[in-house]
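A short worksheet on the structure shown next.
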Amino acid sequence: MNPGLAFSTLFLATASMVAATDGRVSYSAAAFALDGDELLYVERHVETRREGRLAERSVRYEDPRGRLIAEKLVRYGESPLAPSFAMTDFRVGLREGAEVGSGEIVLFSGPAAEPDRRRSLKRPELAVVDAGFDAFMRENFAQIAAGRSLEFDFAVPALRRFFKFRLVPEDRFEYQGQPALRVKMVPASRLLRLAVDPIDLVYGLDGRLLEFRGLSNVWDEQGERYKARIVFDYRPAVEASAAAATGVAP
């Protein structure tokens, strides 16, 4: 298994710290080729909140023609940092996810048409699972914005194990007319850093993820993970869809 796959799963659906009111909130993201403006796919996110807490998150991945290529469902339990989730990529026929219980996490992956390969692991003290990274950022954003690096254990279903990662704040700059913070994600292991490219993130100072650059969690038609620049868009859905269709980032 390519170690880069482990790193790409960090941001399967990292989101935006939207308002914590009950009901549904929708937003989108457009994935472009790293070396140009070619639109690779579009992500359509829907968050559902109940009793003031994030209860569920769904993500629909569409190709530039609007055809469904992958989907994911995240369900939050006792820990917002460690939700259960399942993602299926229809173009390559793969499924992966996590089932989170009390004190343990079952990680699974494999061909969607076959029984999952599963492994039960004890939950680390600071375990982050999939879109739980959003909650991790929300809880620690003030420290990160102040220049502090943080480490955590991230569940990687494709490899059915945890890896320790380091979040490194870099510089503040202006991104599309607004103040922003550049953050780099790297494996904590020096050896793994030799094999895995870092992921570059841009956050608004309100804590919303604005841009992701690195190995995507979506596969292309040749069976390789996309290397993408993913731009998050929090405008109303109709306006955002029109922008994505033109291949123009917000």
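Here Lys122 is the anchor, and the lysines within straight C-alpha reach of less than 17 Å, apart from those fewer than 8 places off in the same chain, are Lys164. Once the Kirkwood radius over Cα pairs is known for the range 47-182, the Stokes-Einstein relation at 10 °C and 1.306 mPa s delivers a diffusion coefficient of 96 µm²/s. Here the chain yields Rg over Rh of 0.93, to two decimals, using C-alpha coordinates and the Kirkwood radius.
The residue list Leu181, Val168, Tyr226 was ranked by how far each Cα lies along the charge dipole of the chain toward its positive end, using unit charges on Cβ atoms, and Val168 comes out on top. Here the simple spin-label model places points 7 Å from the Cα toward Cβ, and for Ser120 and Asp63 these points are separated by 4.1 nm.
For the range 3-245, calculate the relative contact order in percent as a whole number, restricting contacts to Cα pairs under 8 Å that are 6 or more residues apart.
Working: 580 pairs, mean separation 50.2, N = 243.
Across the range 3-245, relative contact order equals 21 percent.
For the chain, set up a Gaussian network in which alpha carbons nearer than 10 Å are linked by springs, and say which option among Leu121, Leu194, Leu159 fluctuates the most. The residue that fluctuates most here is Leu194.
Using a Förster distance of 35 Å, how high is the FRET efficiency between Thr48 and Ala142, based on the Cβ-Cβ distance and rounded to 0.05? Numbers along the way, then the final one.
On the way: r = 27 Å, r/R0 = 0.76.
For Thr48 and Ala142, the calculated efficiency is 0.85.
Think of each Lys and Arg Cβ as +1 and each Asp and Glu Cβ as -1; about the Cα centre, that makes the dipole of the chain roughly 580 debye.
Taking trypsin sites (Lys or Arg not before Pro) across the range 101-206, the ones in a DSSP loop with at most 15 further Cβ atoms lying within 10 angstrom of their Cβ are Arg148.
All of the numbers you see were taken from the coordinates with simple rules; none came from a lab. The structure displayed is predicted, hence computed values, not measured ones. Because the Cβ atoms are built from the backbone with ideal geometry, glycine has one as well, and the counts that use them run over all protein chains shown.
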